[in-house]
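Here is the structure we will look at.
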Amino acid sequence: MNSNPSPLPREGGGLRPQSGALPTEIPAYAGTHAFKADFPGLAGGWHYLDTAATAQKPQVVIDAVVRALGADYATVHRGVYARSADMTLAYEAARARVASFIGAKSDEIVFTRGATEAINLVAYSLCAGEQPILPKGSRVMLSQLEHHSNIVPWQLAGYQIDVCPLTGDGQIDLDWLAANLTAQHKLVALAHISNVLGSVLDGARVAEIARKVGALVLLDGCQAAARLPVDVAALGCDFYTFSGHKFYGPTGVGVLWGKTELLERMPPWQGGGSMIDRVSFAQTTYAPAPTRFEAGTPAIAEVLGLHAAVDYVAAIGLERIERHEAALVRELREQLRRRNDVTLFGPEHSAGIVSFALEGVHPHDLGTILDEAGPDGSRVAIRAGHHCAQPLMEYLGVPATARASFGLYSDKSDVAALLRGIERTARIFK
């Protein structure tokens, strides 16, 4: 792949990989993956199975960030000199690119520091101001499998929380939701894909259920945006969030999508430069959305890096990525099921994530041994712990799980290395 981004244009565009640089498709189940070479973090035979925590970065994203911080660097939305104007065009082109990627409009995209900040923004702004959209102390419906970032913000903002249970195979129980969601619930906030179980939510059905009682819907798309096609209009939700670093982009940047009519009514939750219309000591008026939610100098290089990541993923195709990761999940689950010392968690058909427990071995011990070079020199990186989902661990009756999570660069060799490491660990502890 050509790792040199095209020059930053004066009018529109952004930092992009050269066209035609990507293979046309991912094999359904490749032995040695065609895209591994694009990711310098995977060099040296390291088997990285922690993409659900943070994805490795393709060279084109790294180059975009380096260029943005170097030859092209300038502030945005302020300078009248040419380079600042160019950078402003590139920054807003990134907003437009993200919007088109999820079927939205540019003025509905707010750049945040991550999905965590995006959810906090929604939680505070919905019940703030002289005419809040939701009264303080409103009831919000979450689920048993939510990440802490979709629990704690609602607690801090003073909402009353109800919890939707799970089905036997680890899906959010939408039949229960339909029967128990009432007009008292003002908002439903759920993970589009569970970061522990890989459970895929039927977001459109959630929106249909919520509309019947007049509730708003927020979907946490951190695990979904880079794994399956997302169209916010088709989903019918009111807010959608995801993080750049889980999308093969930089850390420090995230996306909040919100319906225009809601963003226009929501007051800012941080104050400073850029987000204002006019400031005086007596009174301040605010810029329209999305600018009113982007106080201060933004994460310029990170946003341009996210643009490059979106282009990279789009050129490959989310449908192909989804099929590829599903094949790897299917293979790993089949192999683990053959062992009588492994417990699998979550649904059979999960999205890119497999959580499990090895009998008699704490997940932290498993993760430590996997990270030690085996006889063949291979090292495997998995996540071991509660995965920022302690209520789910309590529900599962375990203190922690081992989690293998795939990315578009994962392949059969990663599955094989993990299985060899599990066998080696089992022998050590026996």
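Residue-by-condition table, conditions (1) touching a Pro at 6+ places or on another chain (Cβ under 6 Å); (2) in contact (Cβ under 8 Å) with a residue 40 or more places away in the chain; (3) of a type in the set (G, A, S):
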{"residue": "A309", "(1), (2), (3)": "no, yes, yes"}
{"residue": "V313", "(1), (2), (3)": "no, yes, no"}
{"residue": "L318", "(1), (2), (3)": "yes, yes, no"}
{"residue": "H324", "(1), (2), (3)": "no, yes, no"}
{"residue": "L332", "(1), (2), (3)": "no, yes, no"}
{"residue": "Q335", "(1), (2), (3)": "no, yes, no"}
{"residue": "R338", "(1), (2), (3)": "no, no, no"}
{"residue": "D341", "(1), (2), (3)": "no, yes, no"}
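So is D107 at pLDDT 95 or above, more than 30 Å from I422 (Cα to Cα), touching a Ser or Thr at 6+ places or on another chain (Cβ under 8 Å) and assigned by TED's automatic domain parsing to the domain that holds G249 or not?
Values: at pLDDT 95 or above: yes; more than 30 Å from I422 (Cα to Cα): yes; touching a Ser or Thr at 6+ places or on another chain (Cβ under 8 Å): yes; assigned by TED's automatic domain parsing to the domain that holds G249: yes.
Spelling it out, D107 is indeed at pLDDT 95 or above, more than 30 Å from I422 (Cα to Cα), touching a Ser or Thr at 6+ places or on another chain (Cβ under 8 Å) and assigned by TED's automatic domain parsing to the domain that holds G249.
What are the residues in the stretch 360-412 that are of a type in the set (A, V, I, L, M) and within 24 Å of the chain's Cα centre (by Cα), if any? Please lay out each step first, then the result.
Residues of the stretch 360-412 that are of a type in the set (A, V, I, L, M), as a first pass: 361, 366, 369-370, 373, 380-382, 384, 389, 392-393, 396, 398, 400, 402, 404, 408.
Listed by number, the residues that qualify are V380, A381, I382, A384, A389, L392, M393, L396, A400, A402, A404, L408.
Please pick out the residue among A357, A373, A381, A417 that is more than 12 Å from H47 (Cα to Cα) and either crowded, with 16+ Cβ neighbours inside 10 Å or touching a strand residue (DSSP E or B) at 6+ places or on another chain (Cβ under 7 Å) (or both).
Exactly one of A357, A373, A381, A417 is more than 12 Å from H47 (Cα to Cα) and either crowded, with 16+ Cβ neighbours inside 10 Å or touching a strand residue (DSSP E or B) at 6+ places or on another chain (Cβ under 7 Å) (or both), namely A357.
Just to verify a result, which residue in the stretch 35-52, among those that are surrounded by fewer than 17 Cβ atoms within 10 Å (Cβ to Cβ) and part of a loop (DSSP other than H, G, I, E, B), is nearest to the chain's Cα centre (by Cα)?
Going through the qualifying residues, I end up with A43.
Condition test on Y395, is it outside the structural domain of D169 (by TED's automatic domain parsing), in contact (Cβ under 8 Å) with a residue 40 or more places away in the chain and under 15 Å from T51 (Cβ atoms)?
On the way: outside the structural domain of D169 (by TED's automatic domain parsing): yes; in contact (Cβ under 8 Å) with a residue 40 or more places away in the chain: yes; under 15 Å from T51 (Cβ atoms): no.
For Y395, the condition - outside the structural domain of D169 (by TED's automatic domain parsing), in contact (Cβ under 8 Å) with a residue 40 or more places away in the chain and under 15 Å from T51 (Cβ atoms) - is not met.
Is it true that some residue in the stretch 75-97 is in contact (Cβ under 8 Å) with a residue 12 or more places away in the chain, of a type in the set (F, W, Y), farther than 30 Å from G421 by Cα and assigned to a loop (DSSP other than H, G, I, E, B)?
No, every residue in the stretch 75-97 fails to be in contact (Cβ under 8 Å) with a residue 12 or more places away in the chain, of a type in the set (F, W, Y), farther than 30 Å from G421 by Cα and assigned to a loop (DSSP other than H, G, I, E, B).
Among (1) outside any helix (DSSP H, G or I); (2) under 24 Å from A226 (Cα atoms); (3) hydroxyl-bearing (S, T, Y), where does T343 come up short?
(2)
For the stretch 233-259: of the residues being touching a helix residue (DSSP H, G or I) at 6+ places or on another chain (Cβ under 8 Å) and aliphatic (A, V, I, L, M), which is surrounded by the most Cβ atoms within 10 Å (Cβ to Cβ)?
My answer is V255.
Let me spell it out: the conditions are (1) in a helix (DSSP H, G or I); (2) within 23 Å of Q144 (Cβ to Cβ); (3) over 24 Å from the mean Cα position of the chain (by Cα), and A357 meets all of them except one. Which number is the exception?
Of (1) in a helix (DSSP H, G or I); (2) within 23 Å of Q144 (Cβ to Cβ); (3) over 24 Å from the mean Cα position of the chain (by Cα), only one is false for A357: (1).
Scan the stretch 210-222 and report the pairs whose first residue is more than 17 Å from S199 (Cα to Cα) and buried (at least 22 other Cβ atoms within 10 Å of the Cβ) and whose second residue is at pLDDT below 95 and among the hydroxyl-bearing types (S, T, Y), with Cβ atoms within less than 6 Å and a gap of 6+ or a chain change.
none
Residue by residue through the stretch 398-420, note down the ones that are more than 14 Å from D50 (Cβ to Cβ) and assigned to a helix (DSSP H, G or I).
Of everything in the stretch 398-420, those that are more than 14 Å from D50 (Cβ to Cβ) and assigned to a helix (DSSP H, G or I) turn out to be K412, S413, V415, A416, L419, R420.
The values are calculated or read from the model by the stated rules, or taken from the named source; none is laboratory data. Everything numeric here is computed off the predicted structure, so don't read it as measured data. Because the Cβ atoms are built from the backbone with ideal geometry, glycine has one as well, and the counts that use them run over all protein chains shown.
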